[in-house]
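S.K.: The structure is given below, and queries will be raised subsequently.
The values are calculated or read from the model by the stated rules, or taken from the named source; none is laboratory data. This structure is a prediction, so every number in the text was calculated from the model and none was measured. Please note: Cβ atoms are built from the backbone with ideal geometry, for glycine as well, and neighbour counts cover all protein chains shown.
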Amino acid sequence: MTRTTYNIPPQPPVAANNHLFPAGALTFGVEYRDVDPESLRATYRGNAEQLAELEARSPEGGFSDNGVSIHVCGTDDGFEYLRFDVFDEEPHYHYNHRHDDGSIENQVVDFDPVAGGDMLPWAIRCLRYRLAEMLEAAGGGHLVDRLDATKIGAVLDQVISTADEVRARQP
């Protein structure tokens, strides 16, 4: 498992494309994303340090991929602690840490589709059975005591059907 740490936050969801599902302390989002070098540059253009890191760490030609993203955000603070990018070429997930000074540590973990199969069912299993541990690892431990398994379970059923729908609509 490869884990890469960036000092820039992941590209934020596009609000118009992000289907939100509140579940108590957490809100889940599902969107289809089409990531390309230009959209990434536009995201970080306003912060010279973040843009420089993006440019320095991008592969030749830049990052390009597409697929479903599942966002896991604190309902009260809106911060995205976890993200599962169920992408076609390079599926991966994120642990996003917000430090006291406001800086972000974005840990990206590669998913191995040969060993793990389709990432979507794997991501849902993580959310059903490993959410508390993953939140802790992302600096969201303060939310763990407020998790409501009943609400989360019901919402995850909606997340699955929405993820399947947005995936099916893509060419």
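S.K.: Can you work out which of the residues in the stretch 101-139 that are β-branched (Val, Ile, Thr) and assigned to a helix (DSSP H, G or I) is farthest from the chain's Cα centre (by Cα)? Break it down stepwise before answering.
M.R.: Let us first name the residues in the stretch 101-139 that are β-branched (Val, Ile, Thr), namely 104, 108-109, 114, 124.
Among the residues that remain, those that are also assigned to a helix (DSSP H, G or I) are: 114, 124.
Numbers: 114: 21, 124: 13 Å.
So the residue we want is 114.
S.K.: Working only within the stretch 79-113, note down all residues that are surrounded by fewer than 16 Cβ atoms within 10 Å (Cβ to Cβ) and under 16 Å from residue 31 (Cα atoms).
M.R.: 88
S.K.: Further, regarding this structure: Would the stretch 4-25 turn up any residue that is of a type outside the set (S, T, N, Q), in contact (Cβ under 8 Å) with a residue 60 or more places away in the chain and farther than 30 Å from residue 154 by Cβ?
M.R.: Checked the stretch 4-25: at least one residue is of a type outside the set (S, T, N, Q), in contact (Cβ under 8 Å) with a residue 60 or more places away in the chain and farther than 30 Å from residue 154 by Cβ.
S.K.: Follow-up. If a residue has to be under 14 Å from residue 31 (Cβ atoms), among the aliphatic types (A, V, I, L, M) and over 19 Å from the mean Cα position of the chain (by Cα) to count, how many in the stretch 140-171 make the cut?
M.R.: Matching residues across the stretch 140-171 total 0.
Rundown of residues vs (1) under 30 Å from residue 168 (Cβ atoms); (2) in contact (Cβ under 8 Å) with a residue 12 or more places away in the chain, yes/no style:
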residue: 67; (1), (2): yes, yes
residue: 73; (1), (2): yes, yes
residue: 92; (1), (2): yes, yes
residue: 98; (1), (2): no, yes
residue: 110; (1), (2): yes, yes
residue: 121; (1), (2): yes, no
residue: 124; (1), (2): yes, yes
residue: 129; (1), (2): yes, no
residue: 132; (1), (2): no, yes
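S.K.: Please work out which residue is surrounded by the most Cβ atoms within 10 Å (Cβ to Cβ), limiting yourself to the stretch 6-49 and to residues that are part of a strand (DSSP E or B) and of a type in the set (Asp, Glu).
M.R.: 31
S.K.: A further question on this structure: Among residues belonging to the stretch 47-92 that are modelled with pLDDT of 95 or more and of a type in the set (A, V, I, L, M), point out the one that is nearest to residue 117 (Cα to Cα).
M.R.: Filtering the stretch 47-92 for residues that are modelled with pLDDT of 95 or more and of a type in the set (A, V, I, L, M), the one nearest to residue 117 (Cα to Cα) comes out as 86.
S.K.: In addition: Counting only residues that are surrounded by fewer than 16 Cβ atoms within 10 Å (Cβ to Cβ) and touching a helix residue (DSSP H, G or I) at 6+ places or on another chain (Cβ under 7 Å), which one in the stretch 114-135 is farthest from residue 66 (Cα to Cα)? Give the derivation first.
M.R.: Keep residues of the stretch 114-135 that are surrounded by fewer than 16 Cβ atoms within 10 Å (Cβ to Cβ), which gives 114-118, 121, 125, 128-130, 132-133.
Now drop any that are not touching a helix residue (DSSP H, G or I) at 6+ places or on another chain (Cβ under 7 Å), which leaves 116, 128, 132.
On the way: 116: 19, 128: 24, 132: 28 Å.
Checked the stretch 114-135; the qualifying residue farthest from residue 66 (Cα to Cα) is 132.
S.K.: Go through (1) without any contact (Cβ under 8 Å) to a residue 12 or more places away in the chain; (2) closer than 24 Å to residue 139 by Cβ one by one and return the number of the condition residue 45 breaks.
M.R.: Unmet for residue 45, out of (1) without any contact (Cβ under 8 Å) to a residue 12 or more places away in the chain; (2) closer than 24 Å to residue 139 by Cβ: (2).
S.K.: When the stretch 87-100 is examined, which residues are found to be outside any loop (DSSP other than H, G, I, E, B) and closer than 18 Å to residue 32 by Cβ?
M.R.: So in the stretch 87-100, the residues outside any loop (DSSP other than H, G, I, E, B) come out as 87, 92-98.
Passing the criteria: 87, 92, 93, 94.
S.K.: Could you grab me the full set of residues in the stretch 138-147 that are surrounded by 15 or more Cβ atoms within 10 Å (Cβ to Cβ) and without any contact (Cβ under 8 Å) to a residue 60 or more places away in the chain?
M.R.: Residues of the stretch 138-147 that are surrounded by 15 or more Cβ atoms within 10 Å (Cβ to Cβ), as a first pass: 138-140, 143, 147.
Residues satisfying the conditions are 138, 139.
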